[in-house]
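A quick write-up on the structure given underneath.
The values are calculated or read from the model by the stated rules, or taken from the named source; none is laboratory data. Quick caveat: nothing in here was measured; it's all calculated off a predicted structure. Positions of Cβ are generated from backbone atoms using ideal geometry, with glycine treated the same way; all protein chains shown enter the neighbour counts.
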Amino acid sequence: MVRPLQENRAARLAKNKSHEEQIRKGLAALNQLGITLGAPGPDLVLRLLAEFGKTKDVDLAVIFLLGRIFHAAALDALVELNSRASDKEITKEIKRSRFKLAQRGFDVPEQQAREPQPAAPLFSQSQDIEAYMSAVDGGGGRLIWIAKPQPGHGLQVIQAMLHDHEGLLRFAGMHMRRKELRKMADEIKRQHGIIMISVPWEFADAAIYRGYEKAKARGQSDLENFHEVRAILATGKPKEITHPIYQKLNIEQVRDSAWREQSRRLLDEPELRYWLLTEDWVQAYLPQLEEAQTSRLVLNPLQKEERLSAIVREAVKALCSGEIGKAFKRRMEDMALYFFETQRPEQAKLSLAVALQVGEGDPGPLDVSFLTGLMQKSFAFFMSQEKAKKEEDQSSLIIKP
């Protein structure tokens with residue numbers, strides 16, 4: 001009896017030793033990339049997530065370090081990784097790290113006790129949820145689908161149109177066959193050249209819910225059945241999760257070249273060719289532009305150009321700040337993911353580089369050519385509209401014989 005127990009104990013010790021060795025190897029690999037616990041916080045969490053999925057040693061080391069970052073972002077990351085993990089060693093390491101965070105007061109709150117219970121769902125529950133997202137259109141809108149298979153009855157599909165500024169514009173739930181959903185995607189591609197890319201359903205759900213709250217705060221009144229339809233997925237308010245792009249691209253590498261100058265190339269991509277900033281984002285600067293162009297002061301061309309450039313720089317800085325900055329950062333993260341999933345890695349890196357810069361709340365001391373080009377393009381459009389309106393008003397005052 002004693003011998004089998006000793007053998008079992010030896011096997012457990014050997015297994016633990018192997019597990020620890022894997023973590024040590026992973027930590028060494030991360031250390032070579034300059035990733036240590038020197039400055040624990042949300043930025044380090046993002047850097048760790050960017051390395052997850054490369055090797056098992058690194059995955060274990062990432063989870064090990066997340067358990068030593070006493071910040072809510074680390075807990076969110078562990079919860080997200082746990083929802084996708086299938087390897088037993090990975091899930092056990094996640095459990096260990098979450099326990100360490102719980103000892104410091106970081107644990108998943110019981111949302112069910114706080115959130116009001118919504119109405120009964122329109123559709124029944126099932127498994128294997130999928131989600132899809134379009135590119136962001138010229139006005140800041142994107143289409144999101146979440147599909148939940150119902151055995152023997154096709155798909156339960158949520159369709160949502162989200163807008164940067166307005167939030168959730170349209171929302172509906174319906175039954176359809178997979179063939180019908182595929183046909184819809186093909187039709188969008190044929191008519192608009194837009195591909196519906198696959199995204200994690202938790203990310204899509206969080207984006208839709210965020211849009212719902214924004215639309216509700218704005219006073220939109222046609223979303224009464226939102227909770228009823230969404231109940232096919234969940235009943236409580238979803239936790240914000242890290243954008244999927246940070247698991248696909250290394251943020252340390254996207255800004256290590258001449259990305260500021262090269263970023264203007266994004267405006268030539270088919271999906272961005274018709275991008276314009278909405279008027280409410282730029283309208284404060286339109287009177288300044290008009291005054292600079294029609295000023296009675298005698299300015300030489302160089303002085304006039306510098307004056308217009310100063311207005312553009314000021315507007316770009318405003319684009320990177322406050323709620324507008326947060327919305328535009330999400331827009332560029334979404335496009336980075338879209339470019340990555342449509343086999344355009346360089347455009348994905350440039351988009352993410354712009355998103356990271358906007359996320360800092362300031363364009364920085366040097367020009368970000370994409371932001372400058374987009375602002376100039378938007379200004380030109382609205383100024384031409386204003387000019388056409390004035391010409392139309394003047395012609396209506398002419399008395400015709």
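A single entry from 214, 248, 304, 239 fulfils the requirement of being charged (D, E, K, R), surrounded by 12 or more Cβ atoms within 10 Å (Cβ to Cβ) and free of Cβ contacts under 8 Å to residues at least 40 places away in the same chain: 304. Let me confirm something: among 297, 289, which residue is crowded, with 16+ Cβ neighbours inside 10 Å and at pLDDT below 80? Exactly one residue qualifies, and that residue is 289.
Table: residues versus (1) touching a Leu at 6+ places or on another chain (Cβ under 9 Å); (2) loosely packed, with under 14 Cβ neighbours inside 10 Å; (3) not assigned by TED's automatic domain parsing to the domain that holds residue 82.
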{"residue": "143", "(1), (2), (3)": "yes, no, yes"}
{"residue": "161", "(1), (2), (3)": "yes, no, yes"}
{"residue": "167", "(1), (2), (3)": "no, no, yes"}
{"residue": "176", "(1), (2), (3)": "yes, no, yes"}
{"residue": "187", "(1), (2), (3)": "no, yes, yes"}
{"residue": "197", "(1), (2), (3)": "yes, no, yes"}
{"residue": "201", "(1), (2), (3)": "yes, no, yes"}
{"residue": "206", "(1), (2), (3)": "no, no, yes"}
{"residue": "221", "(1), (2), (3)": "no, yes, yes"}
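Across segment 19-36, the qualifying residues are those that are closer than 13 Å to residue 89 by Cα and touching a Leu at 6+ places or on another chain (Cβ under 8 Å), and the one among them that is surrounded by the fewest Cβ atoms within 10 Å (Cβ to Cβ) is 19. When residue 132 is tested against (1) in a strand (DSSP E or B); (2) over 22 Å from the mean Cα position of the chain (by Cα), exactly one condition is not met: (2).
Would you confirm whether or not segment 66-82 contains a residue that is at pLDDT 80 or above, in contact with a helix residue (DSSP H, G or I) (Cβ under 9 Å, 6 or more places away or on another chain), charged (D, E, K, R) and closer than 28 Å to residue 129 by Cα? Looking for residues that are at pLDDT 80 or above, in contact with a helix residue (DSSP H, G or I) (Cβ under 9 Å, 6 or more places away or on another chain), charged (D, E, K, R) and closer than 28 Å to residue 129 by Cα, one finds none in segment 66-82, hence no.
Residues that are buried (at least 20 other Cβ atoms within 10 Å of the Cβ) and more than 13 Å from residue 378 (Cα to Cα) were ranked within segment 260-280; the one that is farthest from the chain's Cα centre (by Cα) is 260. Across segment 3-11, not a single residue is classified as modelled with pLDDT of 55 or more, among the aliphatic types (A, V, I, L, M) and over 11 Å from residue 62 (Cα atoms).
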